[in-house]
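The values are calculated or read from the model by the stated rules, or taken from the named source; none is laboratory data. Worth saying up front: this structure is predicted, and the values here are computed from it rather than measured. Note: ideal-geometry Cβ built from the backbone for every residue, glycine included; neighbour counts use all protein chains shown.
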């Protein structure tokens, strides 16, 4: 995280980091996540601070819709960290964890009148 912050933020830059937005499956696709993100980014705009998030693919669209842009990504082969997967045959592929991608996304403050 420190490397990422140094990469996108000049020294002295103030920022807001969205740590987590989670909406229960029964209530997804109703605009709740978007409303939560918008509430935070409106405050960031008023405070004139950069806003960033480390998003999963599942959350990417919500953040893009609110003006975030992907600046960098981190892809991790989770199978390297899983115990008991060594030497699994191709037929056992459903037991593998696969690759996970985190997207580092940024929204610069917009001018508030």
Legend entry - Subset of region 1-34 (residues that are part of a helix (DSSP H, G or I) and surrounded by 14 or more Cβ atoms within 10 Å (Cβ to Cβ)): 4, 8, 32, 33, 34
Legend entry - Every residue from region 61-77 that is at pLDDT 90 or above, crowded, with 16+ Cβ neighbours inside 10 Å and on the phi < 0 side of the Ramachandran plot: 63, 66, 68
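May I ask you to list the residues in region 78-113 that are part of a strand (DSSP E or B) and either modelled with pLDDT under 85 or out of contact with any strand residue (DSSP E or B) (no Cβ under 9 Å at 6 or more places or on another chain) (or both)? Lay out the reasoning, then the answer.
Step one: of region 78-113, the residues part of a strand (DSSP E or B) are 99-107.
Once the filter is applied, which keeps residues that are part of a strand (DSSP E or B) and either modelled with pLDDT under 85 or out of contact with any strand residue (DSSP E or B) (no Cβ under 9 Å at 6 or more places or on another chain) (or both), region 78-113 yields 99, 100.
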